[in-house]
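The structure appears below as structure tokens.
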Amino acid sequence: MKKIILWITLSRILFGPLLFITIISELFLISLLLIVISGISDFLDGFLARKLNLTSDLGRVLDPIADKILICFSLIAITILLKSFFIAFLSAIIIAREILISGLREFNSYI
């Protein structure tokens, strides 16, 4: 069961590039479906890991990474699709914040 939970997390990492491709290709219904599946799988892997007490260090690391990959790929794709400097600026701020927060969490875990 632990491997199934890990595969659910890994599937979200793979959905990032797929989401990018579907947004760029203007396949918005498929993009929406990927986002919904990603959200459900994010809830499901966390719920199962806690409920069955099958948390792992790898899962603790990969889960936030999967979320950040989805966010970054979708923001970059939307920026490219809309060709807007304003959207690009806002996306850069959001991505920079994600990286900064991840770095601070990592730094604080060593203290």
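Only the coordinates and a few stated rules stand behind these numbers; no lab work does. It should be emphasised that the depicted structure is a prediction, and the values quoted were computed from it without experimental measurement.
The figures follow:
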| item | result |
| --- | --- |
| Under 15 Å from the Cα of residue 83 - aspartates and glutamates, other chains or at least 8 residues apart | 26 |
| Qualifying lysines (Cα of each under 18 Å from Cα of residue 51; at least 8 residues distant if same chain) | 2, 3 |
| Principal axis box of the chain, alpha-carbon based, largest edge first, Å | 45, 37, 15 |
| Sequence-separation-based contact order of the chain, relative, with Cα cut under 8 Å and 6+ spacing, percent | 36 percent |
